[in-house]
Structures are given as structure tokens and as C-alpha cells.
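Structure, as C-alpha cells:
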Amino acid sequence: MTDDPPWLELRATTDAVACSLGGAAFRERLSEFRETFADGYRGHDELARGVRWRFVSRPDLRPRLASLATREHACCPFFHFVLRDVGDETWWEIRVGPAEEALLPALRGLPSS
């Protein structure tokens, strides 16, 4: 836990597990995640009903993370995202409700996919 304030927080707005992306848009989003991980990912931490992705803190990466998180939340509003800077890292925390816990292994594995 940290006292560092978030610079972006997107709260879950539904319990319904449904992503509005499909087909080519879904594949494009996965590609964007992979590019972002390749560019600054440092590791992850397990959270209660969630995961924290840790990225190098860089001025050029921060707006890309914010854009990706905002667009991902628009298609998957059941996620709760928090982005914050902690030391020399930017943390992207993702939490889910009890009904979405089955998604956690995919989230934890996304950086290595």
C-alpha cells in the first residue's frame, strides 16, 4: 500500500463481465498492450482480487498508459483502474469484483503473452 495519490482512477461502473471489443479491435488492443509492455514494463505484484503492473516512470509513457487505461475501461467497465507514480515507477493497479476473479490469470499473464 502506498500514500502516493493516483493521477488517474477509473472505478468499476458495472458488475457485468462483458467486453465490447471484438475481432480486429480486440486484436489491435492486445497488440497495443504488448507494445506498451515491451516499452516499459518492470514486473507485477499480486493484489487481493487484482494485479499491479509496474512500469518505468517516464514522461512519454505516462500519457500512453492513461490513454490505454481509459479506452480499456470504456470497453470493460467492470475493471477498477488506478494509476500512480511511486518512486521511479508508474503503477497500474487493476481490481475486479468477486464475479470477475476468473479474469485474473489472464491479466497476470498479459505481459508475457
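Considering only residues that are charged (D, E, K, R), touching a strand residue (DSSP E or B) at 6+ places or on another chain (Cβ under 8 Å), open to solvent by 40 Å² or more (accessible area, probe 1.4 Å) and part of a helix (DSSP H, G or I), which ones fall in region 54-92?
Once the filter is applied, which keeps residues that are charged (D, E, K, R), touching a strand residue (DSSP E or B) at 6+ places or on another chain (Cβ under 8 Å), open to solvent by 40 Å² or more (accessible area, probe 1.4 Å) and part of a helix (DSSP H, G or I), region 54-92 yields only R62.
So which residues in region 53-81 are at pLDDT 95 or above and out of contact with any helix residue (DSSP H, G or I) (no Cβ under 8 Å at 6 or more places or on another chain), if there are any at all?
Of everything in region 53-81, just one residue is at pLDDT 95 or above and out of contact with any helix residue (DSSP H, G or I) (no Cβ under 8 Å at 6 or more places or on another chain), namely R54.
For residues that are of a type outside the set (D, E, K, R), open to solvent by less than 60 Å² (accessible area, probe 1.4 Å) and without any contact (Cβ under 8 Å) to a residue 40 or more places away in the chain, tally how many sit in region 26-39.
2
Do we find that D4 is open to solvent by 70 Å² or more (accessible area, probe 1.4 Å), among the acidic types (D, E) and either over 23 Å from S112 (Cα atoms) or over 16 Å from the mean Cα position of the chain (by Cα) (or both) in this structure?
Details: open to solvent by 70 Å² or more (accessible area, probe 1.4 Å): no; among the acidic types (D, E): yes; either over 23 Å from S112 (Cα atoms) or over 16 Å from the mean Cα position of the chain (by Cα) (or both): yes.
Taking the combined requirement at face value, the residue does not satisfy it.
Against the conditions (1) open to solvent by 50 Å² or more (accessible area, probe 1.4 Å); (2) within 21 Å of S113 (Cα to Cα); (3) in a helix (DSSP H, G or I); (4) modelled with pLDDT of 90 or more, where does H44 fall short? Just the number, please.
(3)
Can you tell me how many residues in region 6-33 are over 12 Å from E72 (Cβ atoms) and assigned to a loop (DSSP other than H, G, I, E, B)?
Number satisfying all stated conditions: 11.
Determine, yes or no, whether R49 is among the basic types (K, R), surrounded by 13 or more Cβ atoms within 10 Å (Cβ to Cβ) and more than 15 Å from W92 (Cβ to Cβ). If you could, list the steps in order and put the result at the bottom.
On the way: among the basic types (K, R): yes; surrounded by 13 or more Cβ atoms within 10 Å (Cβ to Cβ): yes; more than 15 Å from W92 (Cβ to Cβ): yes.
When the stated conditions are applied, R49 passes them.
The values are calculated or read from the model by the stated rules, or taken from the named source; none is laboratory data. Predicted model only: the values in this text are computed from it and were never measured. In this analysis, Cβ positions are derived from the backbone assuming ideal geometry, glycine residues included, and neighbour counts consider all displayed protein chains. Please note that ligands, DNA and RNA were not included when accessible areas were found on the heavy atoms of the full protein model with its side chains. Shrake-Rupley method; radii C 1.70, N 1.55, O 1.52, S 1.80 Å.
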